[in-house]
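The block underneath contains the structure these notes are about, expressed in structure tokens.
The values are calculated or read from the model by the stated rules, or taken from the named source; none is laboratory data. This structure is a prediction, so every number in the text was calculated from the model and none was measured. No Cβ is skipped: glycine too gets one built from the backbone with ideal geometry, and neighbour counts run over all protein chains shown.
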Amino acid sequence: MTGLVPGRASSRHGRPASGATAAAVAVALILAAPANAEPRDDNPTAIKVQAITIDSFLPREPDQRRFGPLEFRGGLELTSPYREFGGFSALRMGADGEHFVSVSDKGNWLTGRIVYDRERPVGIADAEMAPLLGPDGRTLAARGWYDTESLAEHDGVFYVGIERVNRIVRFDFAKNGVRARAAVVQTPPGIATLPNNKGLEALAFAPNGSKLAGTLIAFSERGLDAAGNLKAFLIGGPAPGDFSVKRRDDFDISDCTVLPSGDVLLLERRFSLLRGGIAMRLRRLALADIKPGAVVDGPILFFADMGYQIDNMEGLSTHRTAAGDLILTMISDDNFSFLQRTVVLQFKLVEE
């Protein structure tokens with residue numbers, strides 16, 4: 001067990017507005033550049049993670065807690081002296097609402113536990129990082145499969161989507177944890193044609209009992225069909241095939257999670273210097289609308305730009321509390337840039 005660095009109350013509310021453009025430019029430059037990936041030791045490493053609490057989501061209205069159907073519970077800004085820390089592109093929370101698994105876009109696992117003061121996140125404990133291993137036991141990064149961007153869990157098995165090579169691999173995490181070796185998942189031909197750096201960005205399994213039970217749903221970041229909509233895929237299950245998500249307002253998909261109702265909640269992201277840099281939003285898709293050949297759309301639940309405590313938000317997960325509250329947890333990808341942050345945000349989704 002690594003040392004816990006508890007969160008501390010802070011008046012810090014992110015960068016001043018004058019830094020927004022510089023941070024946005026950094027995101028554009030880094031997203032356009034290939035990551036460097038080198039072979040490295042495959043043993044898990046216990047790491048220390050420092051956390052500064054984020055006590056207000058909207059700095060200009062520090063007492064505001066409600067944002068549409070979301071109620072802010074708290075957040076953390078994370079740093080670590082460990083050189084591989086950062087670049088977190090996907091997140092899955094355990095049923096206990098504490099333990100989590102994340103992947104970075106340099107082919108690393110991050111596991112750990114969120115520590116709470118009542119409902120408020122205050123720190124990270126038990127953090128470890130380890131490289132994702134390929135079928136032969138070598139790291140995925142060593143074979144060039146390092147841009148791991150998406151993560152789904154089904155019956156103790158984790159499925160990871162890899163951009164640039166546009167592949168999906170699975171790991172028996174329940175049995176072997178971060179030492180599990182990848183097995184390649186057979187995917188439809190359309191996935192191989194996705195853009196090099198705008199490919200598989202979000203994965204989720206349709207829930208048991210739904211019409212798509214057993215189906216892995218895969219979303220591209222910005223793989224566009226002939227009509228300019230975002231390509232998505234149904235892999236396995238009773239009705240495999242391709243469908244699309246209506247692209248709106250120049251947003252791309254960065255992650256997704258399945259709600260208890262079975263509906264899919266998309267985390268979307270936009271970068272535009274003309275529109276103030278980075279923005280994020282949540283959009284809800286009805287599972288009943290998802291089928292081969294469909295073009296799916298849904299309502300926007302939430303929007304935030306750089307006036308809020310966001311960064312390059314790329315990971316989204318849900319869990320239920322013992323009291324029955326539905327909690328959304330998000331994590332940002334700092335692109336290993338000193339101009340960006342690793343931010344964890346939690347909200348209660350108010351189900352009215």
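Below, the figures for the structure above:
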read-out: Unmet criterion (only one of (1) touching a residue at least 40 places away in the same chain (Cβ under 8 Å); (2) under 20 Å from S104 (Cβ atoms); (3) assigned to a strand (DSSP E or B)) for V184; value: (2)
read-out: Filtered residue count, region 94-126, keeping only those that are of a type outside the set (S, T, N, Q) and under 14 Å from F173 (Cα atoms); value: 7
read-out: Among the residues listed as N208, N196, the single one being modelled with pLDDT under 95, over 26 Å from A141 (Cα atoms), out of contact with any helix residue (DSSP H, G or I) (no Cβ under 6 Å at 6 or more places or on another chain) and part of a loop (DSSP other than H, G, I, E, B); value: N208
read-out: The one condition in (1) part of a strand (DSSP E or B); (2) free of Cβ contacts under 8 Å to residues at least 60 places away in the same chain that R73 fails to fulfil; value: (2)
read-out: Any hit, region 285-304, residues being modelled with pLDDT of 95 or more and under 30 Å from P81 (Cβ atoms); value: yes
read-out: Lone qualifier among G214, G199 - being buried (at least 18 other Cβ atoms within 10 Å of the Cβ), out of contact with any Phe, Trp or Tyr (no Cβ under 7 Å at 6 or more places or on another chain) and of a type outside the set (D, E, K, R); value: G199
read-out: Index of the failed condition, V184 passing every other in (1) more than 22 Å from D252 (Cα to Cα); (2) surrounded by fewer than 16 Cβ atoms within 10 Å (Cβ to Cβ); (3) modelled with pLDDT under 95; value: (3)
read-out: Whichever residue in region 292-313 is touching a Leu at 6+ places or on another chain (Cβ under 8 Å) and assigned to a loop (DSSP other than H, G, I, E, B) and, among such residues, is surrounded by the fewest Cβ atoms within 10 Å (Cβ to Cβ); value: P292
read-out: Count - residues of region 314-325 that are out of contact with any Lys or Arg (no Cβ under 6 Å at 6 or more places or on another chain) and assigned to a strand (DSSP E or B); value: 6
read-out: Tabulated pairs, region 259-280, first closer than 18 Å to A204 by Cβ and at pLDDT 95 or above, second polar (S, T, N, Q) and buried (at least 22 other Cβ atoms within 10 Å of the Cβ), C-beta under 6 angstrom, 6+ apart or interchain; value: L265/T257; L267/S254; R269/S254
read-out: Criterion: among the basic types (K, R), touching a Lys or Arg at 6+ places or on another chain (Cβ under 7 Å) and either more than 20 Å from T45 (Cβ to Cβ) or touching a residue at least 40 places away in the same chain (Cβ under 8 Å) (or both) - qualifying residue of R167, R120; value: R120
read-out: Qualifying positions in region 314-329 - touching a Leu at 6+ places or on another chain (Cβ under 8 Å) and of a type in the set (S, T, Y); value: S317, T318, T329
read-out: Among the residues listed as I168, I162, the single one being within 12 Å of L132 (Cα to Cα), at pLDDT 95 or above and touching a Ser or Thr at 6+ places or on another chain (Cβ under 8 Å); value: I162
read-out: Checking R138 against (1) of a type in the set (K, R); (2) over 21 Å from G223 (Cα atoms); (3) within 17 Å of the chain's Cα centre (by Cα), the condition it does not meet; value: (3)
read-out: Test: residue in region 174-181 that is modelled with pLDDT under 95 and in contact with a Gly (Cβ under 6 Å, 6 or more places away or on another chain); value: no
read-out: Selection from region 230-255 of residues that are assigned to a loop (DSSP other than H, G, I, E, B) and charged (D, E, K, R); value: K246, R247, R248, D249, D250
read-out: Output for region 78-92, where each listed residue is in a strand (DSSP E or B) and under 15 Å from the mean Cα position of the chain (by Cα); value: F88, S89, A90, L91, R92
